[in-house]
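Here's the structure, in structure tokens; my notes come after.
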Amino acid sequence: MPDKIRRLLPLLGHSGGSRDAMTCLYRCGNACDHPVPNVSANPYLGDVVNVEMSRRGVVRAGAVGAMVLGFGGAAAAAAGPAAAAAPVETAATLGGRPHGKAGKLTFETVAPNTLDAVTIPAGYQTEVVLRWGDPVEAGAPAFDLHNQTAAGQSKQFGYNNDFVGVLPIPGSKDRALLVVNHEYTNEDLMFPGFTGLDNLSVEQLKVAMAAHGLSVVEIERVGRTGRWKPVKSRRPHFNRRITALETKFELTGPAAGTPLLRTAADPSGRVVIGTLNNCAGGVTPWGTVLSGEENFNQYFVGGDQAPADAKPKLARYGFSTTARYPSGNRKWDRAQERFDLAKHPNEANRFGWIVEVDPFDPDAPPRKHTAMGRFKHEGANVIVARSGHVVAYMGDDERFDYLYKFVSDKKYIDSKAPWARKHNLSLLESGTLYVAQVAGDSPATEIDGSGKLPSDGKFDGKGKWIKLVSGNKSEVPGMTAADVLTFTRLAGDAVLATKMDRPEDVQPSLRTGKIYAAMTNNTNRGVGTNAPADEANPRNANKHGHIFEIVEDRGDHTGTSFTWSLPIVCGDPKAADTYFGGYDKNAVSPISCPDNVAFDSAGNLWISTDGNALGSNDGLFATAIEGRERGHLKQFLTVPKGAETCGPFITGDDRSVFVAVQHPGEITGASVEKPASVWPDGDYAKPAVIVTWRTDGGPIGS
Ligand code: FEO
Ligand code: CA
Ligand code: CA
């Protein structure tokens with residue numbers, strides 16, 4: 001059955017609410033119902049001088065050291081030149097020359113709607129590439145909803161696709177590897193007759209574990225269009241499932257092998273089974289995929305019986321230390337004892353990392369890079385600095401958590417030679433990890449939490465990257481390098497990192513070298529005893545989120561200082577508390593809860609949303625981010641009922657945009673028998689990856 005495609009539908013009214021309760025339960029273990037894990041007293045840096053004076057002797061040494069860096073002095077550096085033009089996502093040219101012309105986006109704006117369909121502009125087409133249950137590995141059985149097995153799911157496309165990367169196969173213009181994260185499962189919508197997690201069989205729990213992880217699937221362009229479809233993998237056979245159930249991962253970096261990472265099953269502390277809650281990610285210039293392990297806490301039980309010294313660390317990562325089965329728990333301890341922290345407290349430390357997968361080597365074990373820190377990783381995106389070092393930008397997706405960057409010790413070698421690739425594959429194994437500390441340049445009295453612009457007309461200021469660890473050397477007093485890397489949130493607390501409004505995807509623009517981070521929302525901002533609004537997070541009870549732009553001083557991505565501003569403060573453009581780069585707000589689309597960011601080769605910023613709080617389905621948006629069109633945001637696509645818009649990935653020739661439609665029909669009360677969405681096939685809801693292209697073969701967007 002063809003996908004239901006509709007366009008330009010009327011606004012169907014705002015029904016309020018953000019994520020559905022069912023999404024909260026399954027995606028992040030009801031994180032928002034639990035107390036904010038960051039209870040550190042680190043203040044916003046705009047106020048830090050006063051705080052230092054009043055709290056001298058209380059603030060830890062590391063924090064004082066951080067403050068010495070200060071924020072006075074030199075004026076903001078202008079946007080530096082872009083980094084060395086190494087190919088990253090948008091330069092992964094699939095047979096076409098980058099069009100390169102930033103400017104007016106000419107597609108017809110898609111109106112907000114609540115349809116159970118993918119809606120796209122006139123003149124475009126869209127199609128499902130892969131859906132849950134489709135065969136991936138050789139020998140995959142046909143999907144049978146009523147007889148799901150872990151062995152079958154381990155060879156089939158997993159559930160709840162999130163990150164999407166498309167990597168051209170060297171030497172081929174029309175073949176590529178599609179790499180997809182499968183963040184989490186929703187057992188209510190997977191198993192007919194579902195009556196509760198407690199009633200699932202152990203086999204069903206294992207099906208859920210096998211539906212997590214990643215898929216690597218060879219795809220082929222259809223003719224000269226922007227359409228792509230899965231193809232029978234030639235030799236070498238790249239198609240591959242990576243799961244939470246049984247895939248072996250290698251730990252690399254300074255924390256690998258340390259006692260914090262050893263368990264009864266793995267006394268080496270170097271081999272982990274599985275990956276959990278893989279959310280967003282990135283494609284590296286050397287042709288691998290990075291994947292962030294995000295809400296991994298929800299898979300564990302028994303935190304109440306964990307050793308006393310482990311409890312504060314568990315709590316900082318959102319594990320319950322008072323209940324055996326916290327709300328939202330997945331009950332996986334019934335299938336594998338390692339998920340019981342009462343018995344295996346260190347198993348928790350083996351998740352929360354950045355995973356690197358080499359899709360071109362199906363036999364290579366995926367790796368978890370401890371040098372990049374452990375937190376609720378949304379994803380990681382790499383840019384090659386002028387010096388040749390690679391720099392990965394990363395967000396910790398939790399209310400009041402931090403922004404990070406990693407700078408490699410070694411330099412990237414821009415060569416396709418096997419020896420160069422082998423070298424590049426080691427780049428993320430050692431380096432320096434930094435956390436961001438930001439301050440506004442407007443008086444604190446002008447930031448009243450309403451979203452009203454300060455008198456200088458901008459939410460903007462300066463920032464510092466505070467060093468947490470360099471190679472094996474800790475920069476945080478009282479913590480070893482392994483401590484800093486394994487309990488990175490605590491290290492960030494110690495150096496007074498800035499509490500942000502849920503930092504999600506962070507992406508450098510290869511055109512300008514500027515970095516863009518999505519702050520999804522934070523309805524706890526300024527509520528109760530939580531940190532109040534500041535210039536970088538300027539709205540209390542922030543429902544709609546904002547985009548945070550970083551310009552590294554002197555254009556040096558390895559440096560330690562930057563300027564920042566908020567180009568977009570999301571919401572209904574009619575509302576006074578929104579801002580779209582100064583563009584006429586009558587001409588922009590409403591947007592709520594930005595989550596993933598990407599660029600086309602023209603340098604336009606594409607933003608996908610998660611949890612629209614304006615009553616529409618989630619969507620994909622695009623805007624120029626430089627010049628006169630900066631802030632002219634237009635909606636390109638919406639996803640079906642209950643779904644979230646993930647990915648997106650725009651191919652290097654700008655001919656195709658891939659989107660992961662995650663959790664369609666995830667609305668409380670829905671089930672297989674009573675689906676809230678029947679997308680994409682008309683029977684029951686299935687997460688799926690879609691590709692959208694211009695009917696006339698032209699570049700997407702313009
Ligand atoms: Fe999985 Fe941060 O969204
Ligand atoms: Ca300002
Ligand atoms: Ca996300």
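Structural remarks
- For the range 616-644, filtered to residues that are under 17 Å from Thr520 (Cα atoms) and open to solvent by 10 Å² or more (accessible area, probe 1.4 Å), the residue that is nearest to ligand 2 (Cβ to nearest atom) is Ser616.
- If you check Ala380, Ala385, Ala436 for being crowded, with 22+ Cβ neighbours inside 10 Å and within 16 Å of ligand 3 (Cβ to nearest atom), only one passes: Ala380.
- Number of the exception - Glu552 against (1) open to solvent by less than 10 Å² (accessible area, probe 1.4 Å); (2) under 21 Å from the mean Cα position of the chain (by Cα): (2)
- The single residue among Ser408, Ser442 that is open to solvent by less than 40 Å² (accessible area, probe 1.4 Å), outside any helix (DSSP H, G or I), at pLDDT 95 or above and more than 20 Å from Gly513 (Cβ to Cβ) turns out to be Ser442.
- Val657 surrounded by 24 or more Cβ atoms within 10 Å (Cβ to Cβ), among the β-branched types (Val, Ile, Thr) and closer than 20 Å to Gly123 by Cβ: yes
- One residue alone among Ala255, Ala264 is in a loop (DSSP other than H, G, I, E, B), surrounded by fewer than 19 Cβ atoms within 10 Å (Cβ to Cβ) and among the hydrophobic types (A, V, I, L, M, F, W, C), and that residue is Ala264.
- Looking only at the range 535-549, and only at residues there that are open to solvent by less than 10 Å² (accessible area, probe 1.4 Å) and small (Gly, Ala, Ser), the one that is farthest from ligand 2 (Cβ to nearest atom): Gly545
- Test set (1) of a type outside the set (Ser, Thr, Tyr); (2) modelled with pLDDT of 95 or more; (3) surrounded by fewer than 24 Cβ atoms within 10 Å (Cβ to Cβ); (4) over 22 Å from Gly257 (Cα atoms) - Lys416 fails condition number: (2)
- Selection within the range 448-478 - open to solvent by less than 40 Å² (accessible area, probe 1.4 Å) and farther than 18 Å from Thr563 by Cα: Gly449, Gly451, Leu468, Val469, Ser470, Gly471, Ser474, Val476
- Among residues of the range 502-533 being closer than 20 Å to Asp441 by Cβ and open to solvent by 10 Å² or more (accessible area, probe 1.4 Å), the one that is nearest to ligand 2 (Cβ to nearest atom) is Ala533.
- Residue match in the range 602-612 (condition: open to solvent by 10 Å² or more (accessible area, probe 1.4 Å), more than 16 Å from ligand 2 (Cβ to nearest atom) and touching a Cys at 6+ places or on another chain (Cβ under 7 Å)): yes
- Reported count of residues in the range 453-471, each being away from ligand 2 (no atom under 12 Å from the Cβ) and not in a strand (DSSP E or B), is 1.
- Only one of the numbered conditions (1) more than 16 Å from Arg270 (Cα to Cα); (2) in a helix (DSSP H, G or I) is not met by Ser320, and that is (2).
- Selection from the range 365-407 of residues that are within 10 Å of Leu433 (Cα to Cα) and either charged (D, E, K, R) or within 12 Å of ligand 1 (Cβ to nearest atom) (or both): Lys405
- Condition check for Ala371: modelled with pLDDT of 95 or more, open to solvent by 10 Å² or more (accessible area, probe 1.4 Å), among the hydrophobic types (A, V, I, L, M, F, W, C) and in a helix (DSSP H, G or I): no
- Unique match (being more than 16 Å from ligand 3 (Cβ to nearest atom) and either closer than 25 Å to Ile700 by Cα or within 23 Å of the chain's Cα centre (by Cα) (or both)) among Asn540, Asn524: Asn524
- Exclusive hit being away from ligand 1 (no atom under 16 Å from the Cβ), touching a helix residue (DSSP H, G or I) at 6+ places or on another chain (Cβ under 6 Å), part of a loop (DSSP other than H, G, I, E, B) and at pLDDT 95 or above, set Pro573, Pro640: Pro573
- For the range 555-601, a residue qualifies if it is farther than 16 Å from Ile625 by Cβ and either within 16 Å of ligand 2 (Cβ to nearest atom) or surrounded by 24 or more Cβ atoms within 10 Å (Cβ to Cβ) (or both), and the qualifying residues are His557, Phe562, Gly571, Asp577, Pro590, Ser592, Cys593, Asp595.
- So Leu290, is it part of a strand (DSSP E or B), surrounded by 24 or more Cβ atoms within 10 Å (Cβ to Cβ) and not aromatic (Phe, Trp, Tyr): yes
The values are calculated or read from the model by the stated rules, or taken from the named source; none is laboratory data. Note that the coordinates shown come from a computational prediction; the quantities given were computed from them, not determined experimentally. All Cβ positions, even for glycine, are placed from backbone atoms using ideal geometry, and neighbour counts span all protein chains on display. When the accessible area is computed, the model is the full protein with side chains, heavy atoms only, and any ligands, DNA or RNA have been set aside. Shrake-Rupley method; radii C 1.70, N 1.55, O 1.52, S 1.80 Å.
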